[in-house]
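The values are calculated or read from the model by the stated rules, or taken from the named source; none is laboratory data. Just so we're clear, the structure is a prediction, and the values are computed from it rather than from any experiment. As a convention, Cβ positions derive from the backbone with ideal geometry for all residues, glycine included, and neighbour counts pool all protein chains shown. For the accessible areas, the whole protein counts, side chains as well, though only heavy atoms, and no ligand, DNA or RNA atoms are used. Shrake-Rupley method; radii C 1.70, N 1.55, O 1.52, S 1.80 Å.
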Amino acid sequence: MEATPAPPVPLEQEAHMPRPGAAGLLRQGLRRIATSYTFRVIVQGALTLWAVTTFTFVMIRQMPGNPVDIKIDQLMQTRGMTYEEARNMAAGLFEFDPNAPILEQYLDYMGKLIQGDMGQSISSAGTPVIDQILRYLPWTLFSVGSGLLISFTLGVFIGMAMAYWRGSAFDNIMTAFASIVYGIPDFVIALLILLVAGVQLQLFRVGSVLGGVDNDIQAGFNLAYIGSLIKHAALPVLTYVLASVGGWILTMKSSTISTLGEDYITVARARGLSEGRILTAYVGRNAMLPLVTRLAISIGFVVGGSVIIETIFLYPGLGRHLFLAIGSRDYTTMQGVFLVIAFTVVASNILADLLFGLLDPRVRVGGQQS
Amino acid sequence: MTFNSHNDVVLSVQDLSISYLTPRGRLRAVSHASFDLHQGETLALIGESGCGKSTLNLGLMRLLPTNARVDGGRIEYTRRDGAPIDVLRLNDRQLRQFRWSECSMVFQAALNSLNPVIRVRDMFYDTAAAHGKRFRRQVRDRALDLFRRVRLDPERVFNAYPHELSGGMRQRVLLALALLLNPQVVILDEPTTAVDILTQRTIIEVLKAIREELNFSTIFISHDLSVAAEMADTVATMYAGEIVEIGPVYELFYRPRHAYTLGLLEAVPRLSAGEEELVSIPGSPPDLIEPPAGCKFHVRCPFATDRCRVEPPPLEPVGENHLAACWEKARVLTHALENAYHDAPR
């Protein structure tokens, strides 16, 4: 074995001495931020978004029937252009040079995206994708959002009432109803509403409820316009409610039943608390916890889940816009809508994590109490 | 009123029977239980799991689950001002007032007895508000005082969430919560089973201290006989839903007259145990839907005779304030004295 000369002991010790100072504190602070839960969740979300964006970018360029070639073919046929002319025009429409190296295209695309520029729509030339998204998104948020809110509220109250009166006729009927509607796909419900209630029973004139709003009414903040909005949103909202309320009812019922069996409910009764207080702060709040996560996930699917329903009801939301974009091979629009969908899913999951921490102190994150 | 000669009886239970409706039939969980609880007295209920101790206590506060029925009997409570309360006849509103302000309870599962999503202080405020005490300042002062008495760090615990406290701390929080409205009777349902031996020690010390300071009566459920012996003035042995023996702690432990009490005593390990070994009670508690005829204990009883198999023994006086329901009282006592429990728990 090779004998290494031992270095002078004092020097060695000095080298291992901790050096407190500005740099050390900064490093400590950064480490605390990096290990904080909120920060990790947000970084994770950002990475997911980046992955989705990259994936759609690559996918669209690798798909059979390259959109640029298709557009070039289209232009050559319909407008009688030469290949050169068509290629230049397509490059202008897509805002990228199809012959440029893929990495260059990618960096160009990402650079613009960060500035909020998603390029131009292909099918309606000259319209920025972002403008279209901003135009259609409010319709979807309004209809799916109110559907979700109504069915969540209904589900929570009905489910809780069923758990309180377990085994009663109300419980049995609602369990059957919830299981049945839970099992029917939403587009079947939409078609049934249109065909049975509209066409066969003639409860409403099908033509008058399709679309987003009556065209002859001036847009503005007045009763007639709002009434028209509600009239047209009613059927899609009804479909969303029927399709999702069963799930909320069943989840809330089982969650309430298990909460009612907890010792702290018996203790609360022993303490002489009023049923109202027990219902809200003791049963309700604990039974709601598992539903909050589900609610946030559902919010994430607000945009993506509305494609077929909006198409059936000709509702001018983002889902129908996506459906039309797919039909007309409007790749930039598809890319933009996919990004919006991914963003809502990621954002609502972050929201769920943080909201859950607010409601349940046991999983409260970040601020460790000392 | 039909109260006993003792004028300091705070809780009088007479002939109370409770059953559960089960798919198999009616399960008699408590059968003709009678006892008096005096001011400042500690009554220990001992017996195996499933003997009806907890059902009896839930019945006293009318907290039974919906499938339970009170088949008969009376629960009479005397308030500090002397006014009698017939607990089984209270309406919902009166019952809410009665609970906790007159009779409170520390439950077995301390870990789950506190609402996990609200702070300890809110549980105190809730309880006080339900009984018309809306001055938070006063509630807070009382709570902090109680926390000091049960040896908790008052400020920290008051503002904590349940999950931030250890098991022993939660048990003491519950104890403080039980004393918030200064009740006359506190039911302690196995307050020391879910915690380790050192925490158990602390809780018992705390209990003994505040019992004297605050002067309340206690019903103490335990299957730990040494704890019962240390805490209780009176001990009642329960078997298969019946109180089979009840008497002063010293009497009952040194001169037991029921074979089941003797069996429980013989199953307690002793430090000076020499040749004699621990004797466990053979068999398991009987089916309470179809209980055995005669004395319900005869199936497992080493003293059982033919009479025990057919004729149920009545609960008879065997000494001062000492009652037992056993046909073989004399043989049980002789056996107990022969095997003298020199170092029985004091």
For peptides A:177-185, B:113-121, sequence by mean Cβ density within 10 Å, most packed first: B:113-121, A:177-185
Helical contribution to [θ] at 222 nm, DSSP H n ≥ 4, -39,500 (n - 2.57), averaged over chain A, rounded to 500: -23000 deg cm²/dmol
The protein assembly as shown - share of DSSP beta bridges that are antiparallel (%, nearest 5): 65 percent
Region B:9-232: antiparallel DSSP beta bridges as a percent of all, rounded to 5: 60 percent
Region A:107-126-region B:23-95 distance, computed between alpha-carbon centres (Å): 75 Å
Averaged over B:114-122, number of beta-carbon atoms from partner chains that fall within 10 Å: 5
Sequence of B:ARG255, B:ARG89 when ordered by accessible area, the most exposed leading, probe 1.4 angstrom: B:ARG89, B:ARG255
Cβ-based net charge around A:VAL337, under 14 Å, with every Lys or Arg adding one and every Asp or Glu removing one: 0
B:ARG170 accessible area, assembled protein chains, probe 1.4 Å, Å²: 40 Å²
Mean Cα-pair separation over length for region A:136-363, i.e. relative contact order, pairs under 8 Å, 6 or more apart, %: 29 percent
Per residue, in Å², the accessible surface of region B:247-338 once ligands and nucleic acids are set aside, probe 1.4 Å: 55 Å²
Highest-fluctuation residue, B:ALA130, B:ALA29, B:ALA229 considered, GNM on chain B with Cα pairs under 10 Å: B:ALA130
Bins of 5 Å from zero: percent of alpha-carbon pairs in region A:136-363: 1, 6, 12, 14, 16, 15, 12, 10, 7, 4, 2, 1, 0, 0
Chain lengthening between B:GLU213 and B:HIS32 when straightened (0.36 nm per residue, less Cα-Cα): 61.8 nm
Calculated FRET efficiency for the pair A:SER208/A:SER168, C-beta based, R₀ 45 Å, to 0.05: 0.65
Farthest toward positive dipole pole in the protein assembly as shown [+1 Lys/Arg, -1 Asp/Glu at C-beta], among A:SER274, A:GLY211, A:LEU137: A:GLY211
Residue of A:GLY319, A:GLY261, A:GLY24 that the Gaussian network model of chain A assigns the largest fluctuation, springs spanning Cα pairs under 10 Å: A:GLY24
Rough spin-label spacing in nm, given labels placed 7 Å along Cα→Cβ, for A:GLN44 and A:ALA197: 4.0 nm
3J(HN,Hα) from dihedral phi, region B:82-97, Karplus parametrisation 6.51/-1.76/1.60, rounded to Hz, x for glycine, proline: x, 6, x, 10, 8, 4, 6, 10, 5, 7, 4, 5, 5, 5, 4, 5
Per-pair calculated FRET efficiency, R0 = 30 Å: A:ILE217 and A:GLN115 via Cβ, rounded to 0.05: 0.20
All aspartates and glutamates inside 16 Å of B:LYS133 as judged from Cα atoms, apart from same-chain residues fewer than 8 positions distant: B:GLU102, B:ASP122, B:ASP141
Within the accessible area of the protein assembly as shown (1.4 Å probe), percent carbon and sulfur: 60 percent
Buried area at the A-B interface (accessible, heavy atoms, 1.4 Å probe, summed, Å²): 2100 Å²
Neighbouring partner chain Cβ atoms per residue of A:257-266, average, 10 Å criterion: 4
Whole-percent pair-distance distribution, where bins are 20 Å wide, for the alpha carbons of the protein assembly as shown: 13, 31, 25, 20, 9, 1, 0
Listed residues B:SER222, B:ALA129, B:ASN182: farthest to the positive end of the dipole of the protein assembly as shown (Cβ charges): B:ALA129
Accessible area in the full protein assembly, largest first, 1.4 Å probe, for A:THR140, B:THR202: B:THR202, A:THR140
Solvent-accessible ranking of B:TRP327, A:TRP165, largest area first, probe 1.4 Å: A:TRP165, B:TRP327
Rounded to the nearest 20 debye, dipole of the protein assembly as shown from Cβ charges on Lys, Arg, Asp, Glu: 1580 debye
Extreme residue, positive dipole direction of chain B, given options B:LEU88, B:PRO116, B:GLN200 (C-beta unit charges): B:PRO116
Whole-number Å³ per residue for the convex hull built on Cα positions in chain B: 147 Å³
Net dipole in debye of region B:13-101 [+1 Lys, Arg Cβ; -1 Asp, Glu Cβ; about Cα centre; nearest 20]: 400 debye
Exposure of B:VAL13 as accessible area (Å², to 10), given a probe of 1.4 Å and all protein chains: 0 Å²
FRET efficiency for A:ALA23 and A:VAL188, using Cβ-Cβ distance with R0 set to 60 Å, rounded to 0.05: 0.40
Accessible area of B:GLU311 in the full protein assembly, 1.4 Å probe (Å², nearest 10): 80 Å²
Antiparallel bridge percentage (DSSP; both residues within region B:163-302; nearest 5): 55 percent
Debye, to nearest 20: dipole size of region A:266-365, +1 on Lys, Arg Cβ, -1 on Asp, Glu Cβ: 460 debye
